[in-house]
Amino acid sequence: MTAPPAPRRRIPLEILMVAAALFEGALVVLPLDGGAIDTSLLRPALIGIALTCVLLFRFRTWRWLLPLVGVANALAPSLTVASVCSFGFANRASDRRMVLLVSTLVGLAMSVPFWRLGDLASSSLETMGSLMVAGTTGALGMYTASSRRLTQELEQRAQFDEDGRLQLQEEARRAERTRIAREMHDIVAHKISLVALQAGALEVNTNLEREQVVEAAGLIRSTATTALSELREVLGVLRGDDDEAPLAPQPTWNDVRALVTASQEAGVSVELFDFIDAPVPDTLARTTYRVVQEGLTNIHKHARHTQARVALIGEPGTELVIEVSNVLPQGFTTDLPGARMGLSGIEARVTHAGGTITSGPTDDGRFEVKAVIPWPAT
């Protein structure tokens, strides 16, 4: 891997300014014909160099220093001093009227010595040339300032867009993590609770026949295998696009009935009251499946020795009512852990489907989870 090329070093503007002032002074003092140096021209050359050196301190005091030096340039006209004053003020000032005023003053100040010669035509030409120099450098300074402000604005917008994109990505990740956590809870918690319940039955009933023990062990193995398979399918969603993660088949209305059958086989006394005759849409069936699954999971954990029931009532064009309830146990405790997110997960699902869900004790001594979801007519 080759190293990136080193950035080019730029010559500081201050060095260029001083070099330009010295060169300009040398042109004024040194005769072109190689004769003796005219000492009368030495004074304006030194003044130009001195004013250039004063401009080195322009950064903090540019508002008054640049106009002052530009006017003082009338003592000994220097193209370098006039250009730096006009460009520097225009590059920093935001008021264009002030930029125009300072550039005009700088141009007029540079032409003052030529008016002393008394030649009107020559003085007018020199004045126009000085104003053009000051105006051109002032316009270049305003262009540079506008480009700099535009670049800063574009950088700020790009940073703002980048921050917004990162925030959206973080929100998407958070939402996806929450969805996967709820999906894992819905799929795995029900199966694991069945395994715990079946193993507990084997532990309590020590007088079972060998055939009954084999049947119960096979049921435990089947339930655990199903739970592991569904867990792998959910975790497969977390893989990259190149991993070809399989997608789990979505539950149907028949799977809702199968939930109750599985709980009955695990020893839970639960009855199913299914009053649904019309075909149920897939989306509505999936939501019903999750509600019934969470309700039965809680019964397995906290009320497996009580009477429970699942009621499904509704028809197209009205509402689908889902009730999962059980008799409140008396003094029963469980060692199965609770994630405390199952009810919140199905509440989000039901709310997303446009329905409502309630849970809690009823007046007849039961604990009930009841969801009411709109059932479209079509």
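The values are calculated or read from the model by the stated rules, or taken from the named source; none is laboratory data. If you're wondering where the values come from, they're calculated on a predicted model, not measured in any experiment. With ideal geometry, Cβ positions are generated from the backbone for all residues, glycine too; neighbour counts draw on all protein chains shown. SASA here: full protein model, heavy atoms, side chains in, ligands and nucleic acids out. Shrake-Rupley method; radii C 1.70, N 1.55, O 1.52, S 1.80 Å.
See the values below:
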read-out	value
Flag for ILE313 being modelled with pLDDT of 85 or more and open to solvent by less than 60 Å² (accessible area, probe 1.4 Å)	no
Inter-residue pairs, beta-carbon under 6 Å, first in contact (Cβ under 8 Å) with a residue 40 or more places away in the chain and in region 296-309, second surrounded by fewer than 19 Cβ atoms within 10 Å (Cβ to Cβ), 6+ apart	LYS301/THR334; LYS301/LEU336; ALA303/PRO329
Search result, residues across region 39-61 that are more than 13 Å from GLU24 (Cβ to Cβ) and buried (at least 18 other Cβ atoms within 10 Å of the Cβ)	LEU55, ARG58
Matching entry among THR288, THR318, THR226, THR297 (being under 40 Å from the mean Cα position of the chain (by Cα) and modelled with pLDDT of 85 or more)	THR288
Options GLY342, GLY338; residue that is within 17 Å of LEU296 (Cα to Cα), surrounded by 17 or more Cβ atoms within 10 Å (Cβ to Cβ) and at pLDDT below 85	GLY342
Selection from region 269-295 of residues that are touching a residue at least 40 places away in the same chain (Cβ under 8 Å) and in contact with a Ser or Thr (Cβ under 6 Å, 6 or more places away or on another chain)	VAL270
Restricting region 185-199 to residues that are at pLDDT 70 or above and farther than 11 Å from ALA224 by Cβ, the residue that is surrounded by the most Cβ atoms within 10 Å (Cβ to Cβ)	SER193
